[in-house]
Amino acid sequence: MNLVKKIVFYRRIWLLARVVWWQKRLSAGGGKNAFKLLENAPLGGGGLRREDIDRYVEAGLRVGGRLGFVNSCLPRTVIRCILYRRNGIPARAAFGIRKDGGALIGHCWIVDEAPGAGECCTEGFQSVEILPAV
């Protein structure tokens with residue numbers, strides 16, 4: 001993709017920077033910071049579409065990953081949830097566990113009742129917490 005197309009494609013460069021900043025906070029504090037961010041995620045009326053949010057989040061997480069920040073389900077879910085909510089999409093983040101042999105495995109995903117919703121519960125995981133609370 002040439003430079004002009006990239007600029008048009010990622011014209012909201014501030015959003016990429018914001019994604020990386022959140023990713024840095026989540027890498028440093030994990031679940032504790034995730035809960036704080038999600039508790040302060042009001043439902044807003046911004047103008048970004050789900051597809052645009054997903055594109056910016058994935059691009060930002062790739063940049064942050066190259067900077068050494070965690071790129072897993074936690075930042076992906078939390079950041080998408082915050083941005084969805086700020087843009088009027090009634091999403092929530094679910095945190096769950098499943099037993100795999102003798103170990104407990106954790107995972108998080110988006111809970112979204114809106115048409116065209118993204119992720120759903122991964123099979124075998126039991127929800128433990130869903131934020132923000134309704």
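The values are calculated or read from the model by the stated rules, or taken from the named source; none is laboratory data. Only a predicted model underlies this, so the values are computations on that prediction, with no experimental measurement involved. Please note: Cβ atoms are built from the backbone with ideal geometry, for glycine as well, and neighbour counts cover all protein chains shown.
Annotations for the structure displayed:
- Against the test of being at pLDDT 90 or above, touching a strand residue (DSSP E or B) at 6+ places or on another chain (Cβ under 7 Å) and surrounded by 13 or more Cβ atoms within 10 Å (Cβ to Cβ), the options L38, L15 yield a single qualifying residue, L38.
- Checking the stated criteria, L104 turns out not to satisfy the condition of being out of contact with any Asp or Glu (no Cβ under 7 Å at 6 or more places or on another chain), in contact (Cβ under 8 Å) with a residue 12 or more places away in the chain, surrounded by fewer than 17 Cβ atoms within 10 Å (Cβ to Cβ) and not in a helix (DSSP H, G or I).
- Yes/no for R98 being surrounded by fewer than 16 Cβ atoms within 10 Å (Cβ to Cβ), basic (K, R) and outside any helix (DSSP H, G or I): yes
- Residues within the range 20-51 that are of a type in the set (D, E) and in contact (Cβ under 8 Å) with a residue 40 or more places away in the chain, tallied: 1
- Restricting V63, V78, V57 to those that are within 12 Å of the chain's Cα centre (by Cα) and either farther than 14 Å from A34 by Cβ or without any contact (Cβ under 8 Å) to a residue 12 or more places away in the chain (or both) reduces the list to V57.
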